[in-house]
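The values are calculated or read from the model by the stated rules, or taken from the named source; none is laboratory data. On a predicted model such as this, the values are computed, not experimentally measured, just so you know. Here the Cβ positions follow ideal geometry from the backbone for every residue, glycine too, while neighbour counts run over all protein chains shown.
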Amino acid sequence: MATGVRDPSEISHWDEEVDVLVVGLGAAGAAATLEAAANGAETLVLERAGGGGGTSAMSGGVLYLGGGTALQKACGFEDSAEAMFDYLMASCGDGPDEAKTRLYCEGSVDHFDWVVEQGVPFEPVFYYGCSGEPPTTDGLVWSGSERAHPFADIARPAPRGHVPAMEHQAGPLLMQKLVEAVERSEARIALNHRCVSLVQEPDGNIVGVVAKSFDTERCIRARNGVVLTTGGFINDDALIDANQPRIRRCKFRVGAEGDDGSGIRLGMAAGAETIHMNAASISLPVTQPWGLKRGILVNAQGQRFINEDAYYGRLGEFALFHADGRAWLIVDEAIFEQPEYPRDVAAVAQTANELETELGLPTGSLDATLALYNHHAESGEDPVFHKAEEYVQPLTRGPFGAFDCTTETSLYAAFTLGGLRTDPDGRVLDPFGDPIPRLFAAGRASSGLAVGGYSSGLSLGDGTFFGRRAGRYAAKG
């Protein structure tokens, strides 16, 4: 485990000395390493596992990029940095970092080109009908709530999910190409090295790390800077309990073993501030296939609480944080189809009154909710939650069914969004907003663009984008 900081006076000798030391070889770490090396810094990246990849290699591989990338244009879509900025500022939770978001949107086109230059392939084909990674090698998908209320009225929608050319789950391909790019670069990789301490001078300067490789302790000096790209804290129960204990109820934690908060704790020990530690991405993929968006999602009071055509990350966040994980998707015979993800049918009944009894909802609640919804749906309208007209259809043909969307029996996929506070150049900040000299961070070890309201691809997108910036500025010393 991480043991905090060490004073240089405790270091009898340095086993190795480099310009930039990157801790963690996921997507953010690879980007930081490549950029530091490209800027002339002697760079070493430490990886605690036997190979690079981390959570990035376990992911769907989607990168949230836009503003008019070559892939968007090839698929026939127009987009602008301003529209992308407006959407992200509206959708990414309470108090997203405006400066970071602006930089990201304005640099998104060039960043996509950089990803391609690293050897990551994208097929110039748009796939319609799923949120996130497609079952094909198609390269562009919708991966957020751009077309849903209220965001469709705030910014012109455009698909921004850029997916490497691999079916179903492209994270392995993305990381294969990024690690290969690191191997081709002047940087070096040290596997099976776990960083256990930062070495910090009394004036606050970070000058290196103490790492363990199996049972051997190694002290590595970093002349210009240390970049923490160690992932989030979804596997750290103590940090979860202290910041967002409801995550504990989610059945699936999205994260490699290394997402244990160790890098965040290292930064904290060096005086860093953490922010948005209560923020998390909570996916509830109940509306795949999209025809199920015609159903209505109700809470334990039998009432709707969101427009069902929102991205399933937004559905999950609202279901867990606003409905306490007590939710059911109500469908009728006309729209029933099996979800693509495993989902139990909690109850089936001929009438709404019978269904609410089966579910244990308040008497008359579901009947009243359906009556109001159907009244307006007859005209293709949803004045309460403003679901798009294509998904508004009266639910009147029995039998009625309820897909179980409770945390007890349903799939809620969670990962953390909070972390070390950084500026747009990746410098780690203390509680006064001042940089801790020569300490940088990127990826889920830091608090990124999304502080709630996650859209698929933001982790890999901002992790690589700001990983590059951290590596570039660390190289300058």
Restricting attention to the stretch 437-458, which residues are crowded, with 24+ Cβ neighbours inside 10 Å and either among the hydrophobic types (A, V, I, L, M, F, W, C) or not in a loop (DSSP other than H, G, I, E, B) (or both)?
-> 438, 439, 440, 441, 442, 443, 444, 445, 446, 449, 450, 458
Complete set of residues in the stretch 302-359 that are touching a residue at least 40 places away in the same chain (Cβ under 8 Å) and hydroxyl-bearing (Ser, Thr, Tyr) = 311, 312, 341, 351
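For the stretch 116-145, which residues satisfy the criterion of being in contact with a Ser or Thr (Cβ under 7 Å, 6 or more places away or on another chain) and modelled with pLDDT of 95 or more?
From the stretch 116-145, those in contact with a Ser or Thr (Cβ under 7 Å, 6 or more places away or on another chain) are 123, 127, 131-132, 142-145; that's our starting set.
Within the stretch 116-145, 123, 127, 142, 143, 144, 145 meet the criteria.
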Are there any pairs, at least 6 apart or on different chains, whose C-beta atoms fall under 8 Å, with the first in the stretch 160-186 and outside the structural domain of residue 82 (by TED's automatic domain parsing) and at positive phi and the second surrounded by fewer than 24 Cβ atoms within 10 Å (Cβ to Cβ) and charged (D, E, K, R), and if so, which?
-> none
Could you count how many residues in the stretch 175-194 are among the polar types (S, T, N, Q) and part of a helix (DSSP H, G or I)?
-> 1
Every residue from the stretch 413-430 that is part of a loop (DSSP other than H, G, I, E, B) and either of a type in the set (Asp, Glu) or closer than 30 Å to residue 320 by Cα (or both) = 417, 418, 421, 423, 425, 430
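So which of 420, 429, 395, 411 is at pLDDT below 95 and among the hydrophobic types (A, V, I, L, M, F, W, C)?
Values: 420 fails: at pLDDT below 95; 429 fails: at pLDDT below 95; 395 fails: at pLDDT below 95.
Residue meeting the stated conditions: 411.
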For the stretch 247-262, indicate whether the set of residues that are among the acidic types (Asp, Glu) and surrounded by 24 or more Cβ atoms within 10 Å (Cβ to Cβ) is non-empty.
-> yes
Neighbours by Cβ (under 7 Å, 6+ apart or cross-chain): first from the stretch 46-65, over 17 Å from residue 262 (Cα atoms); second among the aromatic types (Phe, Trp, Tyr) and modelled with pLDDT of 95 or more = 65/112
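Looking only at the stretch 73-84, count how many residues are within 21 Å of the chain's Cα centre (by Cα) and either within 22 Å of residue 132 (Cβ to Cβ) or buried (at least 22 other Cβ atoms within 10 Å of the Cβ) (or both).
Kept after step one, since they are within 21 Å of the chain's Cα centre (by Cα), are these residues of the stretch 73-84: 81, 83-84.
With the extra rule that they be either within 22 Å of residue 132 (Cβ to Cβ) or buried (at least 22 other Cβ atoms within 10 Å of the Cβ) (or both), the set shrinks to 83-84.
So the count comes out to 2.
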For the stretch 190-201, pairs from a residue that is under 14 Å from residue 54 (Cα atoms) to a residue that is among the small types (Gly, Ala, Ser) and assigned to a strand (DSSP E or B), with Cβ under 7 Å and 6 or more apart or across chains, are 192/213; 193/211; 193/213; 194/211
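So, in the stretch 109-143, exactly how many residues are of a type in the set (Ser, Thr, Tyr) and either surrounded by fewer than 18 Cβ atoms within 10 Å (Cβ to Cβ) or closer than 17 Å to residue 176 by Cα (or both)? Give the steps one after another, and end with the answer.
Step one: of the stretch 109-143, the residues of a type in the set (Ser, Thr, Tyr) are 127-128, 131, 136-137, 143.
After this cut, where a residue has to be either surrounded by fewer than 18 Cβ atoms within 10 Å (Cβ to Cβ) or closer than 17 Å to residue 176 by Cα (or both) as well, the list is 128, 136-137.
Residues meeting the conditions: 3.
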Of all residues in the stretch 340-355 being under 37 Å from the mean Cα position of the chain (by Cα) and over 15 Å from residue 328 (Cβ atoms), which is surrounded by the fewest Cβ atoms within 10 Å (Cβ to Cβ)?
-> 342
Go through the stretch 98-129 and count every residue that is in contact with a strand residue (DSSP E or B) (Cβ under 8 Å, 6 or more places away or on another chain) and either on the phi > 0 side of the Ramachandran plot or assigned to a loop (DSSP other than H, G, I, E, B) (or both).
-> 1
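Counting only residues that are part of a helix (DSSP H, G or I) and not charged (D, E, K, R), how many does the stretch 265-295 have? Lay out the reasoning, then the answer.
Of all residues in the stretch 265-295, those part of a helix (DSSP H, G or I) come to 265-269, 290-294.
In the following step, the residues that additionally are not charged (D, E, K, R) were identified as 266-269, 290-292.
Result for the stretch 265-295: 7.
For the stretch 410-460, enumerate the residues that are of a type in the set (S, T, N, Q) and in contact with an Asp or Glu (Cβ under 7 Å, 6 or more places away or on another chain). Show your work before the answer.
Start the filter on the stretch 410-460 by keeping residues that are of a type in the set (S, T, N, Q), which leaves 410, 416, 422, 446-447, 455-456, 459.
The answer is 410, and nothing else.
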If you take the residues in the stretch 416-433 that are small (Gly, Ala, Ser) and buried (at least 18 other Cβ atoms within 10 Å of the Cβ), which one is farthest from the chain's Cα centre (by Cα)?
-> 426
Do you know which residues across the stretch 197-233 are over 21 Å from residue 56 (Cβ atoms), of a type in the set (Val, Ile, Thr) and surrounded by 17 or more Cβ atoms within 10 Å (Cβ to Cβ)?
-> 199, 206, 207, 209, 210, 220
Output the residues belonging to the stretch 12-48 that are surrounded by 16 or more Cβ atoms within 10 Å (Cβ to Cβ) and at pLDDT below 95.
-> none
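Going by what's in this entry, would residue 434 be described as at pLDDT 95 or above and not assigned by TED's automatic domain parsing to the domain that holds residue 56? Give the steps one after another, and end with the answer.
Details: at pLDDT 95 or above: yes; not assigned by TED's automatic domain parsing to the domain that holds residue 56: no.
Here the answer is no, as residue 434 does not meet what is asked.
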